[in-house]
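Single-structure report; data block below.
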């Protein structure tokens, strides 16, 4: 038996403010220039927003306006100063990344990326992170709809699930820390979270679960006045929670020439397709790249003993049915037409609520199944 914990954060969490601003800036560039090269990060503290990074783009983007619009949309109406420090992408990087007649588009950086899928939820995601995102989203929506006088924009939640034989069997602990307005009684806020969030999501009887709501007793000072924020500090929230591996590269603020982002989406696509094809109950795909080189340095698969055949055979199927070069990933996942800002809240993975191709695997799962059957028939002939 083991316990696996995952967390999510609200839209108004300082780090997530920064992710949303960075991705909104990326979207603004791509709306005007689909070939823009963008690597923008955001930091926030108190009433100061600092936007910095490298951009090569034909677009004209008002960074201050984008940042202030995001802050207002989240629920921060206070005045903010915005400082910008943006330079052009390095020509040395561009040499290896940009597609030319003589050079296929290479990876925008070196690194390793992981994709994961399992049969714990309809989304083929680990249960703890799915429930954590559901709690965060539900509280955000309730605040916007009718409880803006009770809750502030900041907050986070955490879900611990008991596993036996690699299957979830019970909730162990749920922690919710939700910013409240001045003068709001903690018992009132707790009652809302229990009755309008946790019970609808988890079930009416929570007596078997340790539920901790604002365990410090007070959470009034929040957002950037309570803690600084920075793009890319919630990469585990963005993916699989505490359940699966992460290569370390953040997503937000990066255009899809950066394999930190695009290849992580693709690795999820591959893992989910394999599980959806019933070729394994759990699947982890790892891919690694060298900057400026199109083909990956390595691709590996681990089904943790749940595959219908060996991982070596499944890896062969993957290599026959998927193309891991950056240009192919961008085309197959239609990444040129993705709006990235909505992904900056409640995770980039498992987002069946959004129209993102890396979660739409039915056709690829069918292709994998047919390919596997052909492999079996060929083996029988031999």
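A few remarks follow.
- When 345, 371 are checked against the criterion of being more than 29 Å from residue 138 (Cβ to Cβ), surrounded by 15 or more Cβ atoms within 10 Å (Cβ to Cβ) and in contact with a helix residue (DSSP H, G or I) (Cβ under 7 Å, 6 or more places away or on another chain), a single residue qualifies: 371.
- Each residue in region 62-91 was checked for being crowded, with 19+ Cβ neighbours inside 10 Å, modelled with pLDDT under 95 and not in a loop (DSSP other than H, G, I, E, B), and 0 pass.
- Selection status of residue 274, in contact with a strand residue (DSSP E or B) (Cβ under 8 Å, 6 or more places away or on another chain), assigned to a helix (DSSP H, G or I) and surrounded by fewer than 19 Cβ atoms within 10 Å (Cβ to Cβ): no
- Looking at 307, 226, 222, 217, just one residue is in contact with a helix residue (DSSP H, G or I) (Cβ under 7 Å, 6 or more places away or on another chain) and over 22 Å from residue 366 (Cβ atoms), and that residue is 217.
- Residues in region 301-335 that are surrounded by 15 or more Cβ atoms within 10 Å (Cβ to Cβ), in contact with a strand residue (DSSP E or B) (Cβ under 7 Å, 6 or more places away or on another chain) and modelled with pLDDT of 95 or more: 301, 302, 303, 306, 311, 314, 315, 318, 324.
- Matching residues in region 277-291 - criterion: being modelled with pLDDT of 95 or more and part of a loop (DSSP other than H, G, I, E, B): 277, 278, 279, 280, 281
- Test: residue in region 152-168 that is in contact with a strand residue (DSSP E or B) (Cβ under 8 Å, 6 or more places away or on another chain) and part of a helix (DSSP H, G or I): no
- Beta carbons closer than 7 Å, at least 6 apart along the sequence or on distinct chains, pair a first residue in region 361-372 that is more than 15 Å from residue 117 (Cβ to Cβ) with a second that is at pLDDT 95 or above and part of a helix (DSSP H, G or I) for 367/321; 371/317; 371/320; 371/321; 372/317.
- Any chance residue 147 is at pLDDT 95 or above and touching a strand residue (DSSP E or B) at 6+ places or on another chain (Cβ under 6 Å): no
- Considering 292, 241, the condition of being more than 13 Å from the chain's Cα centre (by Cα), surrounded by 19 or more Cβ atoms within 10 Å (Cβ to Cβ) and on the phi > 0 side of the Ramachandran plot is satisfied by 292 alone.
- Complete set of residues in region 7-40 that are out of contact with any strand residue (DSSP E or B) (no Cβ under 6 Å at 6 or more places or on another chain) and either more than 30 Å from residue 130 (Cβ to Cβ) or surrounded by fewer than 24 Cβ atoms within 10 Å (Cβ to Cβ) (or both): 27, 28, 30, 31, 32, 33, 34, 35, 36
- Residue match in region 134-149 (condition: surrounded by fewer than 19 Cβ atoms within 10 Å (Cβ to Cβ), in the same structural domain as residue 193 (by TED's automatic domain parsing), assigned to a strand (DSSP E or B) and in contact with a helix residue (DSSP H, G or I) (Cβ under 7 Å, 6 or more places away or on another chain)): no
- Subset of region 42-53 (residues that are assigned to a strand (DSSP E or B) and in contact with a helix residue (DSSP H, G or I) (Cβ under 6 Å, 6 or more places away or on another chain)): 42, 44, 45, 49, 51
- Checking the stated criteria, residue 250 turns out not to satisfy the condition of being buried (at least 24 other Cβ atoms within 10 Å of the Cβ) and under 29 Å from residue 345 (Cα atoms).
- Inclusion of residue 48 among residues that are surrounded by fewer than 18 Cβ atoms within 10 Å (Cβ to Cβ) and closer than 26 Å to residue 221 by Cα is warranted.
- Single residue of region 311-350 satisfying the filter (in a loop (DSSP other than H, G, I, E, B) and farther than 18 Å from residue 253 by Cβ) that is nearest to the chain's Cα centre (by Cα): 350
The values are calculated or read from the model by the stated rules, or taken from the named source; none is laboratory data. Fair warning: this is a prediction, and the values are worked out from it, not measured in the lab. Cβ coordinates were reconstructed from backbone atoms using ideal geometry, including for glycine residues, and neighbour counts include every protein chain displayed.
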